[in-house]
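K.L.:
Here's a structure for you.
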Amino acid sequence: MSQLHTDQRPAGANPTFRLDVSVHDLLTKPNPVSPPQAAAEPLTLPEPVFPRHPELLGRDAALPPRDPNSPYQRRWTPALIYRALNGWMFPYVKSRVLPGDFHPIIAYLFTEWKCNLDCHYCWAFDNSVKGMSEDTARRSIDWLHSTTCRVLALMGGEPLLRPQFSHKVVYYAAKKGFWIYVPTNARLLRPDVTDRLADAGMAVVNFAVDVVDEKPGLPKAFNPVRKHFEYLIRKQYQYGYIVFFNINICRNNIEDVQQLTEIARDYGIITDYHINESPMIEQSHFQHLNENDTFIREEDWPRVDALLDWLIDKNRAGYKMVNSARRLADMKAFMRGKVEPWNCRAGQNSLIIRVDGTLAPCFPMYSATYDWGVVENHRFEVKQLDNMKESCQTHCFSTLNHNLGYCYNDARAIRWVLKQASRGFQGVSGSFD
């Protein structure tokens, strides 16, 4: 998506970043931030009790009907409804009434910056970086628990590179009342890993998949992990977590996006779509900036427009999607370099914690050297964030942060809660519209 970039490169080469040059320079100037100092005796995470629910091991459910006109209907129990309200609604209310500007609702804990796959569009991994320590993970969770935050998303890289570590993090955070989100490319999501994470308290699985069968540069394929997926789908009805497909729209997976959408429909799960983005700031470790077959080019716009129109039609026909029909339509403008400010709440109601315990407001800023503080001592300032967002909001299409910004509105939040309450909190469709 070279039309979104603002730095200068030779004709035909993909620019290295898409932020305004002055903001880019401010965020990437040499300014190393020291990670938090470990205690004389570093903290550890407790060993998880497993199984906490032995009655669910070996118990299986039938797959939901593959007839989209009779989707599987799960029953949300009072305990699962409370878990969701405790994760999202109660922190939202607190963030509206408590004094001050820093009231996180969701935090992204980067337990890894390594990955077992090399998707050619992805700069969000570096296999030379050591994963998070138990000391940093425990201190991060304890610190977040002292704030309004009750949603914890494990992030990477690939969080399941160390499944025992992920199990410990999920177990410890769930015991402290966090609603826990686990993203994965699923290559390492063996049935025993699913059982352990679900038993520990995992609330949602972001199943990242871009193609049905592997393609050059797009290894996140469905068929190689179909067995893992079907086990995950069956077990969600016992453990109470949910699953959704996370699909990145590239120039070379248009037909696959349609097929994956129908697969998700068959299995009764939600889909979440992203439009391929090149890095917002320079990523020295990224190896696929130039000659990249995944980046959308101007000549691809008509095909991508047609795909987005198809997705909008499916959304309006009742397919469950995280993205609203309006947000899908906005992807056309973003693809052409046009983004309106959208009330980004990064650094105020959301944040990331890097593997070393340093902080940043959002994913695209992982490699920034600006000092936003460390675990237990944040340095987020609204004035600096607002000045930065004047530029970065118009170059960013974050689904998660956009949903947070869109819903950070009392009228919308109340309307949505009342709508779900009228259904007994049994019919959430995915989109906030």
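Values in this text are rule-based calculations from the coordinates and carry no lab data. These numbers come from a predicted model, not from an experiment. Cβ coordinates were reconstructed from backbone atoms using ideal geometry, including for glycine residues, and neighbour counts include every protein chain displayed.
K.L.:
Can you give the net charge of the other residues whose Cβ lies under 11 Å from the Cβ of ILE106, counting K and R as +1 and D and E as -1? Intermediate values should be presented prior to the final figure.
P.N.:
Working: positive: ARG150, ARG345; negative: none.
Neighbour charge sum, excluding ILE106 itself: +2.
K.L.:
If we restrict to alpha carbons, what Rg and Dmax does segment 259-310 come to, in Å?
P.N.:
Reported Rg and Dmax, both Å: 14.8, 41.
K.L.:
Still on this structure: Give me, ordered by chain and number, the residues 5 or more places off GLU158 or on other chains with an amide H under 5 Å from its own placed amide H.
P.N.:
Here the answer is LYS114, CYS115, ASN116, since their amide H atoms fall under 5 Å of that of GLU158.
K.L.:
Kindly give the semi-axes, whole Å and largest first, of the ellipsoid equivalent to segment 267-353, taking each as the square root of 5 times a Cα gyration tensor eigenvalue.
P.N.:
So the equivalent ellipsoid measures 24, 20, 14 Å along its semi-axes.
K.L.:
Which residue fluctuates the most in the chain, going by a Gaussian network model with Cα springs under 10 Å, if the choices are PRO35, PRO78, PRO51?
P.N.:
So, out of PRO35, PRO78, PRO51, the one fluctuating most is PRO78.
K.L.:
Okay, moving on. Just want the ordering: LYS389, LYS332, from fewest to most Cβ atoms lying within 10 Å of their own Cβ.
P.N.:
LYS332, LYS389
K.L.:
From largest to smallest, what semi-axes in whole angstrom does segment 290-333 give when each is the square root of 5 times an eigenvalue of its alpha carbon gyration tensor?
P.N.:
Semi-axis lengths for segment 290-333 are 24, 10, 9 Å.
K.L.:
Can you run phi through the Karplus equation (6.51, -1.76, 1.60; θ = phi - 60°) for segment 99-112 and list ³J(HN,Hα) in whole Hz, with x for Gly and Pro?
P.N.:
x, x, 10, 9, 9, x, 9, 10, 10, 10, 9, 7, 6, 9
K.L.:
A further question on this structure: Any cysteines in the chain with zero other Cys Cβ atoms under 4.7 Å from their Cβ? List them, or say none.
P.N.:
CYS115, CYS149, CYS250, CYS344, CYS362, CYS392, CYS396, CYS407
K.L.:
Pop out the ³J(HN,Hα) list for segment 181-186 in order, Karplus 6.51 cos²θ - 1.76 cosθ + 1.60 with θ = phi - 60°, rounded to Hz; leave Gly and Pro as x.
P.N.:
Once θ is set to phi - 60°, the couplings for segment 181-186 become 10, 10, x, 6, 7, 6 Hz.
K.L.:
Let me ask another. Sorted from largest down, give the three principal axis spans of the alpha carbons of segment 66-197, whole angstrom values.
P.N.:
Cα extents, longest axis first: 45, 43, 28 Å.
K.L.:
Calculated from DSSP H runs of 4 or more alone, at -39500 (n - 2.57) each and per residue, what is the 222 nm mean residue ellipticity of the chain, nearest 500? Can you show the working numbers first?
P.N.:
Values: 13 runs with 146 residues, N = 433.
After summing the helix terms and dividing by residue count, I get -10500 deg cm²/dmol.
K.L.:
Now, a different point. Near the amide H of VAL151, under 5 Å away, which other amide H atoms are found, from residues 5 or more places off or on another chain, if H is placed in the peptide plane?
P.N.:
Residues meeting the criterion, in which the H sits 1.01 Å from N, are ALA107, TRP179.
K.L.:
At 7 Å along the Cα-to-beta-carbon direction for both ASP118 and ARG316, put a label point, then send me their distance in nm to one decimal.
P.N.:
4.4
K.L.:
Provide the gained length on full extension for the span LYS332 to PHE90, in nm with one decimal, where the gain is 0.36 nm per separating residue minus the Cα-Cα distance.
P.N.:
Gain on stretching LYS332 to PHE90: 83.6 nm.
K.L.:
Once the convex hull of the C-alpha atoms of the chain is built, how many Å³ does it hold per residue, rounded to a whole number?
P.N.:
Details: hull volume 58.8 nm³, N = 433.
Dividing the Cα hull volume of the chain by its residue count gives 136 Å³.
K.L.:
Give the percent of DSSP beta bridges with both residues in the chain that are antiparallel, rounded to the nearest 5. Can you show the working numbers first?
P.N.:
Numbers: 6 of 37 bridges.
DSSP beta bridges in the chain are roughly 15 percent antiparallel.
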